[in-house]
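Report on the structure given below.
No lab work stands behind these numbers, since they all come straight from the coordinates. This one's a predicted model, so the numbers in the text were calculated from it and none came from an experiment. When we count neighbours, we look across all protein chains shown, and the Cβ atoms used for this are built from the backbone with ideal geometry, even at glycine.
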2 protein chains.
Amino acid sequence: MPVTETVTATQTPAARALPDSLTAQLKQVLGPKGWSQDAHELAPHIADWRGRYQGATPILLKPANTEEVAACVRLCHEAGVAITPQGGNTSLCGAATPMGEVLLTLKRMTGVREVDVDNDSMTVEAGCVLENLQTLAADHNRLFPLSLGSQGSAMIGGLISTNAGGVHVLRYGMTRELVLGLEAVLPDGTIWSGLTGLRKDNTGYDLKQLLIGAEGTLGIITAATLKLFPRPARMEVAFCGLASAEDAVKFLGLAKQVSGGAVTAFELMPRMALDMVLEHVPGTRDPLEGEHAWYVVCEMSFGRANGARETLEDALGQGFEAGLIADAAIAENDSQIHDFWRLRETIAEAERAHGKAVKHDVSIPVSKMPAFMAQATTAVEAAFPGALVIAFGHVGDGNVHFNVAARETGADDDFIAQAAPLSRLVYDLVDSFGGSISAEHGIGILKRAELAARKPVDVAVMRAIKTALDPKGIMNPRVLL
Amino acid sequence: MPVTETVTATQTPAARALPDSLTAQLKQVLGPKGWSQDAHELAPHIADWRGRYQGATPILLKPANTEEVAACVRLCHEAGVAITPQGGNTSLCGAATPMGEVLLTLKRMTGVREVDVDNDSMTVEAGCVLENLQTLAADHNRLFPLSLGSQGSAMIGGLISTNAGGVHVLRYGMTRELVLGLEAVLPDGTIWSGLTGLRKDNTGYDLKQLLIGAEGTLGIITAATLKLFPRPARMEVAFCGLASAEDAVKFLGLAKQVSGGAVTAFELMPRMALDMVLEHVPGTRDPLEGEHAWYVVCEMSFGRANGARETLEDALGQGFEAGLIADAAIAENDSQIHDFWRLRETIAEAERAHGKAVKHDVSIPVSKMPAFMAQATTAVEAAFPGALVIAFGHVGDGNVHFNVAARETGADDDFIAQAAPLSRLVYDLVDSFGGSISAEHGIGILKRAELAARKPVDVAVMRAIKTALDPKGIMNPRVLL
């Protein structure tokens, strides 16, 4: 039976006491700059940024290279001592907060090992911050398309370990699809060198795919070879008003066909979310006359500027003719593109201004998304009087942020107290639609019990693999499995 | 130390005797249409199509649905009897030839469970033939881009189990990237239901990625949910003459940039391969005046017809200006597109007319491909007097078919006798360039010893996973590991 974990701070665990000999060996391997037990330095590393989890660690390890990571893991493996690996510490589900384990940060491993322009690839170390990698690619006239809110702090090792999503999945895929090769330290301290820049390599099980999204439970990613793409020459963005979510899904299909796959983002939001943004976020305005039940931000990216605007206009024209969209505005310049996107990107901010919400990062097959949203909204509002559903998101990927707040301001705490049964209701519906209870945020500590209850066969197979590769269970225990 | 397996027929193994009770139970589960022990019916299933491997089986199982597959596997698992799964039997490395094991064909499982146009996905059973799936997608105004020589017989279950490649990897990726969800029977007979149509699902290890490319050693794929794409509105193809392979790689980068990623195929061939084709394949002609050292077939696909030709012309114009291409012809219609492609696609046929060859399906980072081809050619010609290197292939993916024949016709058998040391020389160079000894054909029986010798850490991890999921070792033994 599914168990919904509520979103409340857990009690602070104690840092595990390490054998003195292990501590001494770790310090010796890393040198004076390579570790810390200073409470002030540790503080930002042992809590998650949203303040949901407060952890503890006996020592923070800061290896400078792969060999040092391997040496640390080998020592911990021999001693049977558990490790939590950490990148930019931007997890939304507690995947990188140590609960007494040794904490190992990759932040000193920021080397760029190679940019191979002719191979459209770059090989970088785990501690590189995403925003820097986007810039590095642009400096070589290439695009690294991974893009998400925390890109100023998230590090590539963590992004790969959690198979991060973001706003360009529709065109470029999840992080999983952007990785050509990996280097990792396995749970016994062995260095696995899978840093290939190959597009084709059919030599057995794809071990990198196993490490991607494993949330650090099968090893520590130390470096990666990433795919680069041509930079789009032109972006076109429209803000559309529609009568229904069904129409949005139909229009998505039409826009993809008419543009030949140029749609790079397709974001849906209800009128109520727009109202919230207009009320709470300064400087925003509705680009359309009149009110519509739903809105879509539709972004297309083109390899050539020539014909780009015409393509978007063609898609919109056909959308009007088919009765799928009621009104639309096209961004005339970068500033308007920014304004349109801002209406979508500030929903979370407007929501916070409204009050606390019970949040669900779920996915549904795109075709079934409208029916899911309608049924889930009806069910939640019936079972929880006073509930206000704010459902919006990456409809192009079938990923909706199904958030539920108290309709009345000031009723937050009573409302949030119902989080567990409310989430169970939502997740049960997600299951019945063949969806996923975690589209892009992962499992971490937050959804571990849900996963075990809802996917027993999967979890049994995962446990068998985990036990085979990490028999002592030292890699990020308590996370995922 | 690497051990090169030579490409010669192995001795025929004996069919393993099954316990009578197991045979009776299998027959009862499947009914009279669901099995065969008739030598005539078995014959095409127990040899591979190239005649390299002659196998044997005590019984051919022909389950009609997933439940029957599961029942068969469960019975074999209990009895500790091994199974070889088989799709269209088009493996190039012996991955589907039973060497005494029970043989299980998926050919009766040809159901289409769902085409979800709005979700750009279709769910089909393992026995569906690729060409039929291409047609099914086209009937719904969509593209299923997987495309390769054996598409008239290869079945989707086998294509997924071997992570097939083909001519459109450059744009759409390997089979691995075309699969959204899988259903499979695990080695103990458990049905794993992972048939999701989701683009985003971050709920732990991606088990489908583990089964893809596992060559049937971790379970039997029974159905899959596949990605669909918009159909390109226009294809443009150029046949280019170039002075060097370096220029080809530089021009590839330029063409990708200028077209904004519209290049869907980029195939390289040396003058000598073109000469062979012109000599041996009736009805072929050189589209260019004068001779060039290298040729490229460059295909671009466009979502919109408008501006397509102009884009190709622009890329070629810039290629001329930069001194990368010496001459080029643009296909004016479908018939010319067909003619250009035929020059590339009949190389294997022309090669056969010339004589036997020692073949290597290898990959190298695109940027290092020219250096690899030059060094490998020099090394092979120096070590094996009379050797003629015919290197061509999917340069856009870094995949080259590095084939070596006797320069003189009639010297075949003496030359082929040197296959083992010749392949070792080639594979050692591939390793030194960070390449792969199997780009798209897989490991099977053919390259198992090579893999074990060259990637010991990888193979140790694979074995640990195999043992965890298939402790009795009944799934396609002797293949891959």
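Counting other Cβ atoms within 10 Å, keep those with at most 12, restrict to DSSP loop, and tell me which trypsin sites (Lys or Arg not before Pro) in the stretch A:284-318 are left.
Working: sites: A:R285, A:R304, A:R309; in loops: A:R285, A:R304.
Qualifying residues, ordered by number: A:R285.
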Inter-part gap, Cα centre of the stretch B:359-411 to Cα centre of the stretch A:116-163, in whole angstrom, is 34
In whole Hz, the Karplus estimates of ³J(HN,Hα) for the stretch B:428-442 (6.51, -1.76, 1.60; θ = phi - 60°; x where Gly or Pro) are 4, 5, 4, 4, 5, 9, x, x, 10, 7, 9, 6, 9, 7, x
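Taking neighbour counts of Cβ atoms within 10 Å as a proxy for exposure, in what order, fewest first, do A:D120, A:D20 appear? It would help to have the intermediate numbers written out before the result.
Values: A:D120 25, A:D20 8.
With the fewest neighbours first, A:D120, A:D20 line up as A:D20, A:D120.
Please rank B:S438, B:S153, B:S432, fewest neighbouring Cβ atoms within 10 Å first, as an exposure proxy. Before the final figure, lay out the partial values.
Numbers: B:S438 25, B:S153 15, B:S432 10.
Least to most surrounded, the residues fall as B:S432, B:S153, B:S438.
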Counting other chain Cβ atoms within 10 Å of each Cβ in A:356-363 and taking the mean gives 2
Long-range amide H partners of B:L195, meaning residues 5 or more apart or on another chain whose placed amide H is closer than 5 Å, are B:L182
Of the listed links B:K447/B:K472; B:K62/B:K466; B:K359/B:K455; A:K466/B:K208, those spanning more than 18 angstrom between alpha carbons are B:K447/B:K472; B:K62/B:K466; B:K359/B:K455
For the stretch B:1-124, shape from the Cα gyration tensor axes a ≥ b ≥ c, cut at a/c of 1.5 then a/b versus b/c, turns out oblate
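Percent of Cα-Cα pairs more than 47 Å apart in the protein assembly as shown, please.
Numbers: 124407 of 462241 pairs.
For the protein assembly as shown, the fraction of Cα-Cα distances above 47 Å is 27 percent.
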So, in nm and shortest first, the distances from A:A24 to its counterparts in the other copies, with label points 7 Å along Cα→Cβ, work out as 7.0
Over the Cα atoms of the stretch A:306-464 the radius of gyration and the largest Cα-Cα distance (Dmax), both in Å, equal 18.8, 56
One decimal, nm, nearest first: from B:R352 to the same residue in each other copy, label points 7 Å out along Cα→Cβ, the values are 6.6
Kirkwood Rh for chain A from C-alpha pairs, in Å, is 23.8
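Neighbour counts of other C-beta atoms within 10 Å: give me B:D48, A:D413 arranged from fewest to most. List each step's numbers first, then the result.
Working: B:D48 21, A:D413 10.
The fewest-first ordering by Cβ neighbours comes to A:D413, B:D48.
Provide, as a two-decimal number, the C-alpha radius of gyration of the stretch B:72-131 over 2.2 N^0.38 Å, N being how many residues it has.
Numbers: Rg = 14.9 Å, N = 60, 2.2 N^0.38 = 10.4 Å.
Computed over Cα atoms of the stretch B:72-131, the ratio equals 1.43.
Using alpha-carbon pairs under 8 Å, 6+ residues apart, how would you state the relative contact order of the stretch B:112-230 in percent? Provide the component values of the computation, followed by the final result.
Numbers: 224 pairs, mean separation 39.2, N = 119.
Here the relative contact order equals 33 percent.
For the stretch B:112-230, what is the convex hull volume of the alpha-carbon atoms per residue, in Å³?
Details: hull volume 11.8 nm³, N = 119.
Looking at the stretch B:112-230, the number lands at 99 Å³ per residue.
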Of the residues B:G189, A:T135, B:T135, the Cα lying farthest along the dipole of the protein assembly as shown towards its positive end, which is defined by charges on the beta carbon of Lys, Arg, Asp and Glu, belongs to B:G189
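Only Cα pairs under 8 Å and at least 6 apart count here; give the relative contact order of chain A as a rounded whole percent.
Once normalised by length, the contact order is 17 percent.
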Here the gain from full extension of B:V457 to B:T378, 0.36 nm per residue of separation minus their alpha-carbon distance, amounts to 25.3 nm
With label points set 7 Å from each Cα along the Cα-to-Cβ direction at A:D314 and A:S432, the distance between them in nm comes to 4.3
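Viscosity 0.692 mPa s, temperature 37 °C: what is the translational diffusion coefficient of the stretch B:350-396 from Stokes-Einstein with a Kirkwood Rh over Cα pairs, rounded to a whole number of µm²/s?
Numbers: Rh = 12.0 Å.
Taking Rh from Cα pairs, D becomes 274 µm²/s.
Which FRET efficiency, nearest 0.05, do B:N132 and B:T467 yield, Cβ-Cβ r, R0 30 Å? Numbers along the way, then the final one.
Values: r = 37 Å, r/R0 = 1.24.
After rounding, the FRET efficiency stands at 0.20.
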Computed on Cα atoms only, the convex hull of the stretch B:244-330 has an orientation-averaged projected area in nm² of 6.0
Taking only the Cα positions of the stretch A:355-441, the convex hull volume per residue in Å³ is 81
